[in-house]
Amino acid sequence: MDRSTPTFISLTGENSHKIVIPPGQGSFSIGTKNMSKGKYDVLVVEGSAINWDVFNEMYTPHGKQNADRYPNGDWPRFFYYSGDDTGFIQWSEKRRIENLNWAPIGPMKADLSKANIYELSIHATANPIELILGENIKKLYLSGNLANIQIKASPSTTLVQFAPDTGTAADNNYCLPEFLSLNKTVTSVHVDNTVIGAAVDCSSLLQFKNIQSLNLSGNITNLQAIAQLHELEYLGLRTMPDLTGMPALKIWQKLKSFIGWNIEETQGKILQQELKSLLKEREMEYSSVSKLRKKIWFTTEYGIPFTNWEGKNAKIATKAYKSALKAIGKAKTEAEVKQAIIELIDLINTLHNIETVEREDTGTAVEQLVASSRLDLPQELAAQWFDDRRDF
């Protein structure tokens with residue numbers, strides 16, 4: 001197959017799909033028509049059986065030169081699939097899948113005990129997903145509505161990564177569901193949360209008794225709980241706006257490496273000193289604390305108020321916000337900060353359909369921008385400048 005020119009493949013029927021794969025693309029994505037969100041290389045009709053054997057004839061340049069080693073092809077290396085056909089499970093028994101990112105659409109029960117998939121990613125939405133995993137699945141990535149995912153067996157999975165939809169939290173804290181089948185085998189846990197929104201509660205990590213490597217990012221709470229992870233050797237904290245309760249690094253006797261990056265500066269400075277002392281006491285692998293940030297930075301970087309606006313208004317307002325933020329970052333006087341705020345409000349004044357919600361969002365934006373200034377200006381100024389200048 002010449003991947004640089006249009007090619008017909010018999011994915012759901014004779015020559016059912018025309019594909020064009022740019023040279024160098026190692027992945028292939030399949031979506032379900034009218035059901036899957038986002039862009040895919042091909043779309044299939046809901047309920048269609050997928051002929052996974054069509055990939056037996058597809059090769060990378062390396063694979064083509066060594067076809068005897070790859071009797072069932074070696075391209076693509078990664079699959080992204082949104083749909084409910086499970087034929088890939090049996091197909092993988094003869095053709096290893098390096099990485100499969102799967103988002104079932106309807107309720108799903110699947111037995112992957114014989115599947116030859118190294119990394120498996122599952123995205124859950126409103127419907128339940130029940131899976132039995134096998135010996136070959138070493139890395140597991142779970143995202144979305146995690147409460148709808150049930151792992152019945154997972155004998156060899158050592159790494160699990162969670163990217164929960166924390167919007168399902170009853171309050172401001174989100175606890176991971178229990179995954180009893182993962183408790184004994186998993187030694188490495190990653191938690192990727194959004195920076196703005198409900199925080200993931202670290203107490204729900206204690207179900208994994210054998211954690212040796214832990215990486216946390218986003219809004220995380222109850223950090224004091226991870227002091228109970230006595231086997232911890234590798235710890236990473238990235239893009240975290242709040243480190244309240246963070247234990248002292250010295251409590252982990254087996255700690256070999258610590259990375260703190262893009263973290264809140266007050267606790268970050270403490271961690272810098274703790275790491276410096278620790279490096280004098282023991283030999284460690286690569287460790288560092290860098291990119292310390294003021295709390296307001298996380299808000300202005302990740303909590304821009306205009307992202308939910310309609311159409312062009314969102315793009316125009318967001319661009320103006322970023323320009324104001326840049327100008328205020330350089331401002332040396334109150335007058336310069338005020339000028340940046342005025343320019344933002346003047347632009348919003350020209351937009352159509354600015355109602356109550358949009359007015360409140362703009363007020364929040366002005367408050368954030370004033371707070372981001374190095375001049376420590378009172379928030380009363382933000383309200384005053386906003387009310388004096390707006391005509392909406």
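Some observations on this one:
- In the condition set (1) surrounded by fewer than 18 Cβ atoms within 10 Å (Cβ to Cβ); (2) within 28 Å of the chain's Cα centre (by Cα); (3) among the charged types (D, E, K, R), residue 361 is compliant with all but (1).
- Per-region count, segment 278-306, residues outside any strand (DSSP E or B) and in contact with a strand residue (DSSP E or B) (Cβ under 7 Å, 6 or more places away or on another chain): 5
- Filtered by the rule that a residue be at negative phi and surrounded by fewer than 11 Cβ atoms within 10 Å (Cβ to Cβ), segment 21-42 gives 22, 23, 37, 39.
- Only a single criterion out of (1) part of a loop (DSSP other than H, G, I, E, B); (2) surrounded by fewer than 21 Cβ atoms within 10 Å (Cβ to Cβ); (3) modelled with pLDDT of 95 or more; (4) in contact with a helix residue (DSSP H, G or I) (Cβ under 9 Å, 6 or more places away or on another chain) is not satisfied by residue 210, namely (4).
- Checking 371, 317 one by one, the residue that is outside the structural domain of residue 258 (by TED's automatic domain parsing), in a helix (DSSP H, G or I) and either crowded, with 20+ Cβ neighbours inside 10 Å or without any contact (Cβ under 8 Å) to a residue 12 or more places away in the chain (or both) is 317 and no other.
- Check on residue 391, out of contact with any strand residue (DSSP E or B) (no Cβ under 9 Å at 6 or more places or on another chain), at pLDDT below 95 and part of a loop (DSSP other than H, G, I, E, B): yes
Okay, residues lined up against (1) surrounded by fewer than 18 Cβ atoms within 10 Å (Cβ to Cβ); (2) β-branched (Val, Ile, Thr):
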site	(1), (2)
113	yes, no
127	yes, no
137	no, yes
140	no, no
146	no, no
151	no, yes
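- Test: residue in segment 47-56 that is under 24 Å from the mean Cα position of the chain (by Cα), surrounded by 14 or more Cβ atoms within 10 Å (Cβ to Cβ) and not hydroxyl-bearing (Ser, Thr, Tyr): no
- Given (1) out of contact with any strand residue (DSSP E or B) (no Cβ under 8 Å at 6 or more places or on another chain); (2) among the small types (Gly, Ala, Ser); (3) at pLDDT below 95, number of the condition residue 26 does not satisfy: (1)
- The listed residue being surrounded by fewer than 19 Cβ atoms within 10 Å (Cβ to Cβ) and modelled with pLDDT under 95, out of 280, 184, 269, 256: 184
Listed here are the residues, each with its yes/no results for (1) among the aliphatic types (A, V, I, L, M); (2) at pLDDT below 95.
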| site | (1), (2) |
| --- | --- |
| 303 | no, yes |
| 308 | no, yes |
| 316 | yes, no |
| 320 | yes, no |
| 323 | no, no |
| 327 | yes, no |
| 333 | no, no |
| 342 | yes, no |
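- Among (1) touching a Cys at 6+ places or on another chain (Cβ under 9 Å); (2) in contact (Cβ under 8 Å) with a residue 40 or more places away in the chain; (3) on the phi > 0 side of the Ramachandran plot, the one test that residue 221 misses: (3)
- For segment 302-313, residues that are over 12 Å from residue 357 (Cα atoms) and in contact with a Ser or Thr (Cβ under 9 Å, 6 or more places away or on another chain) total 4.
- Residue check, residue 324 outside the structural domain of residue 237 (by TED's automatic domain parsing), aliphatic (A, V, I, L, M) and over 26 Å from residue 242 (Cβ atoms): no
- Tally of residues being touching a Gly at 6+ places or on another chain (Cβ under 7 Å) and either assigned to a strand (DSSP E or B) or of a type in the set (Gly, Ala, Ser) (or both) across segment 99-143: 5
- Going through (1) assigned to a strand (DSSP E or B); (2) within 24 Å of the chain's Cα centre (by Cα) one by one, residue 178 falls short only on (1).
The values are calculated or read from the model by the stated rules, or taken from the named source; none is laboratory data. In this text, all values refer to a predicted model and were calculated from it rather than measured experimentally. Cβ coordinates were reconstructed from backbone atoms using ideal geometry, including for glycine residues, and neighbour counts include every protein chain displayed.
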